[in-house]
Amino acid sequence: MALHDDLLAQADHLAHVDKKKPKQANLRRAVSAAYYALFHLLIDESSCFLVAGKQREALRHQLARSFDHGHMKKTAQAFVQPGAGSNVWRSVLSSAP
């Protein structure tokens, strides 16, 4: 099982561990685990897209370590905020095969 799958399962478990009245700590940790699940899924998918092939797994692992929360957040915000940034990314992605 991939790390993002484990993190999502952990988030689900934490969100449902308290039957009647969920504890804030469990809910907050569930949200955090879900965030990291998405973060690692995006990294995994991007790395596999950029570096294909089973024999290149070590290179994919090194590439995955180069992703940064701050840059990923800024890029994601470019899609939802009006301005030149969003137009640049949309034009690049729309021309991809």
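The values are calculated or read from the model by the stated rules, or taken from the named source; none is laboratory data. All values reported here derive from a predicted model rather than from experimental measurement. Here the Cβ positions follow ideal geometry from the backbone for every residue, glycine too, while neighbour counts run over all protein chains shown. Just so you know, the surface numbers come from the protein's heavy atoms only, side chains and all, with ligands and any DNA or RNA stripped out. Shrake-Rupley method; radii C 1.70, N 1.55, O 1.52, S 1.80 Å.
Things to note:
- For the stretch 64-75, a residue qualifies if it is open to solvent by 60 Å² or more (accessible area, probe 1.4 Å) and in a helix (DSSP H, G or I), and the qualifying residues are HIS69, HIS71, LYS73, LYS74.
- Matching residues, the stretch 49-60, being open to solvent by less than 90 Å² (accessible area, probe 1.4 Å) and either under 25 Å from ALA76 (Cα atoms) or part of a helix (DSSP H, G or I) (or both): VAL51, ALA52, ALA58, LEU59, ARG60
- You will find that of LEU27, LEU7, LEU14, the residue that is in contact with a Lys or Arg (Cβ under 8 Å, 6 or more places away or on another chain), at pLDDT 95 or above and not in a loop (DSSP other than H, G, I, E, B) is LEU14 and no other.
Residues checked against (1) of a type in the set (Lys, Arg); (2) exposed (fewer than 13 other Cβ atoms within 10 Å of the Cβ); (3) at pLDDT 90 or above:
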residue	(1), (2), (3)
PHE39	no, no, yes
SER47	no, no, yes
GLN62	no, yes, yes
ARG90	yes, yes, no
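- The residues of the stretch 1-27 that are over 20 Å from GLU45 (Cβ atoms) and open to solvent by 70 Å² or more (accessible area, probe 1.4 Å), listed by number, are ASP12, HIS13, HIS16, LYS19, LYS20, LYS21, LYS23, GLN24.
- Whichever residue in the stretch 15-44 is out of contact with any His (no Cβ under 9 Å at 6 or more places or on another chain) and among the charged types (D, E, K, R) and, among such residues, is nearest to HIS4 (Cα to Cα): ARG29
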